[in-house]
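A.B. asks: My structure is below; once you've seen it, I'll send some questions.
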Amino acid sequence: MTATATRVLVLNSGSSSVKYQLLDMNPDSAGGPAAGTRLAVGLVERIGEDTSRLAHTPLATGGDKRETEGPIADHEAALKAVAAELSADGLGLDSPQLAAIGHRVVHGGLKFTAPTVIDDAVLAEIERLVPVAPLHNPANITGIRTARALRPDLPQVAVFDTAFHTTMPEYAARYAIDVATADAHRIRRYGFHGTSHAYVSRKTAELLGKDPSEVNVIVLHLGNGASASAVAGGRCVDTSMGLTPLEGLVMGTRSGDIDPAVTFHLKRVAGMSEDDVDVLLNKKSGLVGLCGDNDMREIRRRIDEGDERAELAFDIYIHRLKKYIGAYTAVLGRVDAVAFTAGVGENAAPVRAAALAGLEEMGLAVDADLNAVRSGEPRLISPEYARVAAAVVPTDEELEIAQQTYALVSA
Ligand code: ADP
């Protein structure tokens, strides 16, 4: 890496998509762009179909979003197309200013507790985790392989969704099942969205003017996938997702917590296969299963029109959220802040108001005017008298991945 190499390409490879951002992590505040400046962002969707689509926005040049449609056969072709778009603006993968590529990797098991420079052994270990993350790790691996083939000399860093949660104590991470069976199959609670929980809990401490080691925070990451975490002094002590991202809160299309006997029942009584149940709980449940919509804007609109199904779905979603706020208050003992983040958490004021309604005895309250403010900045929504701060803290997983990646390769 040269002294001028300050850029990081962040890649988030899904099964049929690649999201990417090129950021400048320039530590030199005296010259060049501020650390974290986005130079380009984009998305390749529907990889492997005839209608693949690449949308690229070259922020560095202030250019307009460029969209191209047409077949992109696989991740290799997708990454090559991304590289070509970046090159068109002089930001190509061959640039000497590129310091590293940071990959979001969903499952790091117990082994990866921090961002890790990828070599063959690391890649083999990520592959070994495929049985516990069959939906996510294979796509991440393909992204890594492709990026390494394009720039074999460049450091590639894996940033794991599970890493932040590896500090959970054993009593929070273990399921109460036969230990030998659990250990043989690596069954335990790993948690996900860790990059977001890490970033948001740190930013919340900053908003309170405190060091992360001094504050206890409940982070509610409410996107299409949703998870809660209890963070004590900067360390995660519990989180709502488990072996897979299915456990915990009610989500856009996932059930969250459910009696596991429901699955046997569906197989025995409804004649459903394993795959049927998997699809039901992961794709046809949550808000979409309850009312047919998973977009909170649409659900609120339907409630405003008096739609009872939408209202019940909302109430179930809020009830579960409240239960986790209560549980994590007990786990933490003292809570300094509850932070809302991600698509729903950052934008849906009614969700925030309903989730904290009636929790005054726990020191929580929402100021209606502050809650109605729309802004991309971290902000408080609680009145001054509230013992526990309530906050909206926009997440930025790409920035966090870029920061962790750059810190590792520039050390
Ligand atoms: P993902 O888990 O896909 O990253 P996001 O964090 O982007 O999800 O959240 C997407 C969800 O955020 C949408 O499904 C929608 O429910 C919600 N959302 C986005 N914008 C708004 C808004 N203005 N008001 C209410 N909800 C919103």
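What follows draws every value from the coordinates through simple rules; no lab data is involved. The structure presented is a predicted model; accordingly, all values stated were derived computationally and were not measured. No Cβ is skipped: glycine too gets one built from the backbone with ideal geometry, and neighbour counts run over all protein chains shown.
A.B. asks: Only one residue in 276, 259 is more than 22 Å from residue 336 (Cβ to Cβ) and in a helix (DSSP H, G or I), so which one is that? Talk me through it step by step, then tell me what you get.
C.D. replies: Working: 259 fails: in a helix (DSSP H, G or I).
Just one listed residue meets the conditions, 276.
A.B. asks: What number goes with the only condition from (1) surrounded by fewer than 18 Cβ atoms within 10 Å (Cβ to Cβ); (2) aromatic (Phe, Trp, Tyr); (3) in contact (Cβ under 8 Å) with a residue 40 or more places away in the chain that residue 317 does not pass?
C.D. replies: In the conditions (1) surrounded by fewer than 18 Cβ atoms within 10 Å (Cβ to Cβ); (2) aromatic (Phe, Trp, Tyr); (3) in contact (Cβ under 8 Å) with a residue 40 or more places away in the chain, residue 317 misses (1) alone.
A.B. asks: A follow-up question, please. Determine whether residue 220 is within 16 Å of the ligand (Cβ to nearest atom) and either in contact (Cβ under 8 Å) with a residue 24 or more places away in the chain or not in a loop (DSSP other than H, G, I, E, B) (or both).
C.D. replies: Values: within 16 Å of the ligand (Cβ to nearest atom): yes; either in contact (Cβ under 8 Å) with a residue 24 or more places away in the chain or not in a loop (DSSP other than H, G, I, E, B) (or both): yes.
Judged against the criteria, residue 220 is a match.
A.B. asks: Within the range 162-172, does at least one residue satisfy the condition of being closer than 24 Å to residue 404 by Cα, within 16 Å of the ligand (Cβ to nearest atom) and among the aromatic types (Phe, Trp, Tyr)?
C.D. replies: no
A.B. asks: Further question: From the list 286, 209, pick out the single residue that is crowded, with 24+ Cβ neighbours inside 10 Å and farther than 19 Å from residue 327 by Cβ. Working first, answer last.
C.D. replies: Details: 209 fails: crowded, with 24+ Cβ neighbours inside 10 Å.
Exactly one of 286, 209 is crowded, with 24+ Cβ neighbours inside 10 Å and farther than 19 Å from residue 327 by Cβ, namely 286.
A.B. asks: Same structure, new question: Give the range 340-397 a look and list any residue that's among the acidic types (Asp, Glu) and either buried (at least 18 other Cβ atoms within 10 Å of the Cβ) or within 11 Å of the ligand (Cβ to nearest atom) (or both), or say none.
C.D. replies: Of the residues in the range 340-397, the ones among the acidic types (Asp, Glu) are 346, 360-361, 367, 369, 377, 384, 396-397.
346, 396, 397 - these are the residues of the range 340-397 that are among the acidic types (Asp, Glu) and either buried (at least 18 other Cβ atoms within 10 Å of the Cβ) or within 11 Å of the ligand (Cβ to nearest atom) (or both).
A.B. asks: Those residues that are within 14 Å of the ligand (Cβ to nearest atom) and over 19 Å from residue 281 (Cβ atoms), I need them from the range 229-252; list them, please.
C.D. replies: Across the range 229-252, there are no qualifying residues.
A.B. asks: For the range 281-308, enumerate the residues that are within 30 Å of residue 264 (Cβ to Cβ) and in contact (Cβ under 8 Å) with a residue 24 or more places away in the chain.
C.D. replies: Start the filter on the range 281-308 by keeping residues that are within 30 Å of residue 264 (Cβ to Cβ), which leaves 281-294.
Correct list: 281, 282, 283, 284, 285, 286, 287, 288, 289, 290, 294.
A.B. asks: While we're here: Considering only residues that are among the small types (Gly, Ala, Ser) and out of contact with any strand residue (DSSP E or B) (no Cβ under 9 Å at 6 or more places or on another chain), which ones fall in the range 392-411?
C.D. replies: In the first step, residues of the range 392-411 are kept if they are among the small types (Gly, Ala, Ser); the result is 402, 407, 410-411.
Of everything in the range 392-411, those that are among the small types (Gly, Ala, Ser) and out of contact with any strand residue (DSSP E or B) (no Cβ under 9 Å at 6 or more places or on another chain) turn out to be 407, 411.
A.B. asks: Only one of (1) touching a His at 6+ places or on another chain (Cβ under 7 Å); (2) surrounded by fewer than 17 Cβ atoms within 10 Å (Cβ to Cβ) is not met by residue 239, so which one is it?
C.D. replies: All conditions are met except number (2).
A.B. asks: Could I ask something else about it? Looking at 289, 326, which one is in a helix (DSSP H, G or I), over 19 Å from the mean Cα position of the chain (by Cα) and within 16 Å of the ligand (Cβ to nearest atom)? Steps first, answer last, please.
C.D. replies: Details: 326 fails: within 16 Å of the ligand (Cβ to nearest atom).
Matching residue, one of 289, 326: 289.
A.B. asks: Now for a different question. Considering only residues that are in a strand (DSSP E or B) and surrounded by 14 or more Cβ atoms within 10 Å (Cβ to Cβ), look in the range 45-67 and name the one that is farthest from the chain's Cα centre (by Cα).
C.D. replies: By that ranking, first place goes to 66.
A.B. asks: Only one of these is out of contact with any Cys (no Cβ under 6 Å at 6 or more places or on another chain) and under 17 Å from residue 205 (Cβ atoms): 348, 355, 372, 339. Name it.
C.D. replies: Values: 348 fails: under 17 Å from residue 205 (Cβ atoms); 355 fails: under 17 Å from residue 205 (Cβ atoms); 372 fails: under 17 Å from residue 205 (Cβ atoms).
Matching residue, one of 348, 355, 372, 339: 339.
A.B. asks: Can you tell me which residue in the range 259-283 is surrounded by the fewest Cβ atoms within 10 Å (Cβ to Cβ), limited to those that are β-branched (Val, Ile, Thr) and within 15 Å of residue 244 (Cβ to Cβ)? Talk me through it step by step, then tell me what you get.
C.D. replies: First, the residues of the range 259-283 that are β-branched (Val, Ile, Thr): 262-263, 269, 277, 279.
Cutting the leftovers down to within 15 Å of residue 244 (Cβ to Cβ) gives us 263, 277, 279.
Details: 263: 16, 277: 17, 279: 14.
Ranking the qualifying residues of the range 259-283, first place goes to 279.
A.B. asks: Related question: Cβ-Cβ under 6 Å, sequence separation 6+ or interchain: first residue in the range 347-364 and in contact (Cβ under 8 Å) with a residue 24 or more places away in the chain and under 13 Å from residue 386 (Cα atoms), partner part of a helix (DSSP H, G or I) and of a type outside the set (Gly, Ala, Ser). Which pairs?
C.D. replies: Every condition considered, the pairs that remain are 362/329; 364/356.
A.B. asks: Identify, please: which residue in the range 68-81 is in contact with a helix residue (DSSP H, G or I) (Cβ under 6 Å, 6 or more places away or on another chain) and surrounded by 18 or more Cβ atoms within 10 Å (Cβ to Cβ) and is, among those, farthest from residue 151 (Cα to Cα)? Explain how you work it out, then say what you get.
C.D. replies: Here is the first cut: in the range 68-81, the ones in contact with a helix residue (DSSP H, G or I) (Cβ under 6 Å, 6 or more places away or on another chain) are 72, 75-76, 79.
Retained after the next criterion (residues that are surrounded by 18 or more Cβ atoms within 10 Å (Cβ to Cβ)): 72, 75, 79.
On the way: 72: 20, 75: 15, 79: 11 Å.
Only one residue tops the list, namely 72.
A.B. asks: Filter the range 212-235 down to residues that are within 15 Å of the chain's Cα centre (by Cα) and surrounded by 24 or more Cβ atoms within 10 Å (Cβ to Cβ) and give me whichever is nearest to residue 336 (Cα to Cα). I'd like the intermediate steps shown before the answer.
C.D. replies: Filtering the range 212-235 for residues within 15 Å of the chain's Cα centre (by Cα) gives 219-229.
In the following step, the residues that additionally are surrounded by 24 or more Cβ atoms within 10 Å (Cβ to Cβ) were identified as 219-222, 226-229.
On the way: 219: 11, 220: 14, 221: 17, 222: 20, 226: 21, 227: 19, 228: 15, 229: 14 Å.
This residue is 219.
A.B. asks: Check 284, 267 and return the single one that is more than 17 Å from residue 318 (Cα to Cα) and within 16 Å of the ligand (Cβ to nearest atom). Working first, answer last.
C.D. replies: Values: 267 fails: within 16 Å of the ligand (Cβ to nearest atom).
Only one candidate passes the filter, namely 284.
A.B. asks: Sticking with this structure for a sec: Of all residues in the range 119-172 being touching a residue at least 24 places away in the same chain (Cβ under 8 Å) and of a type in the set (Gly, Ala, Ser), which is farthest from residue 5 (Cα to Cα)?
C.D. replies: Per the stated criteria, the residue is 172.
A.B. asks: Regarding residue 252, is this residue in a helix (DSSP H, G or I), touching a residue at least 12 places away in the same chain (Cβ under 8 Å), on the phi < 0 side of the Ramachandran plot and not aliphatic (A, V, I, L, M)? Walk me through it before giving the result.
C.D. replies: On the way: in a helix (DSSP H, G or I): no; touching a residue at least 12 places away in the same chain (Cβ under 8 Å): yes; on the phi < 0 side of the Ramachandran plot: yes; not aliphatic (A, V, I, L, M): yes.
Here the answer is no, as residue 252 does not meet what is asked.
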